[in-house]
């Protein structure tokens, strides 16, 4: 049996989870010998903390969207990303990701959120694991928090994003696949 691990972030119903579920359904329908599993790293570490962060995040977006936008642009979508802007929790999350990988022992990892992708790219850079990783982007732009060069394949929303990733990060075009943003077949009906 093969195992595919899907990694969105937080438990709230977001596009990150919906895209993971679309791909999980496809994998289950097209193979008989594959286990698919979706895990949110923060819930894996501490469920009450995840609930508190999700609640705060949703309230922040609802009641102060201008400040959310400002922080997002400063930390996640700048021209020159600061690789360790999040040093205070970087090592903690890296260790927990390693622990998760050892427990789950996946054959393939699919990231539908930038944070798990970033952590996995750091672990790959340090040669801590060799499992293939696919980024599946859920927006028509890519913030600077996604792992890039160390990620094996990138499923992209558009040709423009493919061109941008190829030029900016020198990722080979064979690893950049334009798929659009996956949508469940029930929605397309």
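What pairs can you find where one residue is in segment 38-55 and more than 20 Å from residue 111 (Cβ to Cβ), the other is outside any loop (DSSP other than H, G, I, E, B) and modelled with pLDDT of 75 or more, and their Cβ atoms are less than 8 Å apart, with a gap of 6+ or different chains?
Hits for this filter: 49/42.
Of everything in segment 16-52 that's buried (at least 16 other Cβ atoms within 10 Å of the Cβ) and over 21 Å from residue 103 (Cα atoms), which residue is modelled with the lowest pLDDT?
17
List the number of the failed condition for residue 158; all other conditions in (1) surrounded by 14 or more Cβ atoms within 10 Å (Cβ to Cβ); (2) in contact (Cβ under 8 Å) with a residue 12 or more places away in the chain; (3) farther than 16 Å from residue 20 by Cα; (4) touching a helix residue (DSSP H, G or I) at 6+ places or on another chain (Cβ under 8 Å) hold.
(4)
Select from segment 121-140 the residues that are touching a strand residue (DSSP E or B) at 6+ places or on another chain (Cβ under 6 Å) and in contact (Cβ under 8 Å) with a residue 60 or more places away in the chain and list them in ascending order.
Answer for segment 121-140, where residues must be touching a strand residue (DSSP E or B) at 6+ places or on another chain (Cβ under 6 Å) and in contact (Cβ under 8 Å) with a residue 60 or more places away in the chain: just 136.
Failed condition for residue 90, given (1) surrounded by 14 or more Cβ atoms within 10 Å (Cβ to Cβ); (2) at pLDDT 85 or above, with all others met?
Of (1) surrounded by 14 or more Cβ atoms within 10 Å (Cβ to Cβ); (2) at pLDDT 85 or above, only one is false for residue 90: (2).
Of (1) part of a helix (DSSP H, G or I); (2) surrounded by 12 or more Cβ atoms within 10 Å (Cβ to Cβ); (3) modelled with pLDDT of 90 or more, residue 109 satisfies all except one. Which?
Of the numbered conditions (1) part of a helix (DSSP H, G or I); (2) surrounded by 12 or more Cβ atoms within 10 Å (Cβ to Cβ); (3) modelled with pLDDT of 90 or more, the odd one out for residue 109 is (1).
Go through (1) loosely packed, with under 12 Cβ neighbours inside 10 Å; (2) at pLDDT 70 or above; (3) under 22 Å from residue 20 (Cβ atoms) one by one and return the number of the condition residue 55 breaks.
(2)
Against the definition (outside any strand (DSSP E or B) and surrounded by 14 or more Cβ atoms within 10 Å (Cβ to Cβ)), how does residue 183 come out, yes or no?
Details: outside any strand (DSSP E or B): yes; surrounded by 14 or more Cβ atoms within 10 Å (Cβ to Cβ): no.
Answer is no for this residue.
The values are calculated or read from the model by the stated rules, or taken from the named source; none is laboratory data. The structure displayed is predicted, hence computed values, not measured ones. Glycine also receives a Cβ, built like all others from the backbone with ideal geometry; neighbour counts cover every protein chain displayed.
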